[in-house]
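Peer 1: My questions all concern the structure below.
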């Protein structure tokens, strides 16, 4: 299970711990996040390599946000080792180019790693929230938050992610695409929500894909909607490999 930006595996998947009654959960702390050291392996290919090592012979792969983009990359590279793929609101802007809301995300707010380091994690994260039209955090970042945030700002631009509809279609993997609703407090944030909808809509065109929509949730349906876990369980059960006991997620 691969977390997104500004967080860690423990926090990102806390609501999915109950799945351990049926699966062996492998919860990743990506480079520089959570308990993982900052080894400088922030590139898409490097992180995909690190995640692929954990797949073993066969596993279900689940990713959220930036982590969902990495999961898509791993799936394109290692489809034979993946039983199913679940992606929650991936920031895979490249698959939905041309839509105004998506183009706004691409040309809008971005801090280079050098700029973010100069600002520091607190100011950089505040600028990020302002840039996407989200509400301010309302409280200071903890030391753990600051470390996670600093690591996230070292990652490459999302448009550089090597993800394509054609590449994903060629894997023939069972795919569950998950999205939240489209509400937003500001016009800019509503456009961001619309951009996620467009990405998920495009991914859902892949043959055999399923699209699970949680309209009352935001960017993290797995944390916000209690209906997520039953939906994920049903999907995993349908695409379980030969052995159920000890299966990994």
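Peer 1: Multiply the residue gap between residue 53 and residue 143 by 0.36 nm, knock off their C-alpha separation, and tell me the result in nm, one decimal place.
Peer 2: Answer, rounded to one decimal: 29.5 nm.
Peer 1: Most mobile of 221, 230, 174 per a Gaussian network model of the chain (Cα springs, under 10 Å)?
Peer 2: Most flexible of the set in this elastic network: 230.
Peer 1: Starting with the fewest neighbours, write out 118, 57 ranked by other beta-carbon atoms found within 10 Å of each beta-carbon.
Peer 2: 57, 118
Peer 1: Can you tell me the 0 to 90 degree angle between the C-alpha axis of helix 143-152 and the longest principal axis of the chain, rounded to 10?
Peer 2: 80
Peer 1: What ranking do 50, 183, 21 get, fewest neighbouring Cβ atoms within 10 angstrom at the top?
Peer 2: Least crowded to most crowded, the residues run 21, 183, 50.
Peer 1: Restricting to Cα pairs below 8 Å that are 6+ residues apart, what does the relative contact order work out to for region 171-235? Please round to a whole percent.
Peer 2: Averaging sequence separation for qualifying contacts and normalising by length gives 41 percent for region 171-235.
Peer 1: Given N residues in region 9-238, what is Rg(Cα) / (2.2 N^0.38 Å)?
Peer 2: Cα-based Rg divided by the globular estimate yields 0.97.
Peer 1: Relative to the longest principal Cα axis of the chain, at what angle does helix 121-132 sit, 0 to 90 degrees, rounded to 10?
Peer 2: Rounded to the nearest ten degrees, it is 80.
Peer 1: Another one. Given springs between every Cα pair under 10 Å in a Gaussian network model of the chain, which of 216, 229, 191 has the largest fluctuation?
Peer 2: Comparing 216, 229, 191 in the GNM, the peak value goes to 216.
Peer 1: If one takes the longest principal axis of the Cα atoms in the chain, at what angle in degrees, from 0 to 90 and to the nearest 10, does the Cα axis of helix 187-203 lie?
Peer 2: With both axes taken from Cα atoms, the answer is about 20 degrees.
Peer 1: Using 0.36 nm times the number of residues separating residue 210 and residue 17, minus their current alpha carbon distance, what extension gain do you get?
Peer 2: 67.1 nm
Peer 1: Using a Gaussian network model on the chain with a 10 Å cutoff between Cα atoms, which of 26, 91, 203 fluctuates the most?
Peer 2: In this elastic network of the chain, the residue with the biggest mean-square fluctuation among 26, 91, 203 is 26.
Peer 1: Which order do 163, 249, 69 fall in if you start with the one that has the fewest other Cβ atoms within 10 Å?
Peer 2: So the ranking, lowest neighbour count to highest, is 249, 163, 69.
Read-outs throughout are calculated quantities, based only on the coordinates presented, and are distinct from any laboratory measurement. Computed from a prediction, not measured in an experiment: that's the story for all the values here. Using ideal geometry, Cβ is built from the backbone for each residue, glycine included, and neighbour counts are taken over all protein chains shown.
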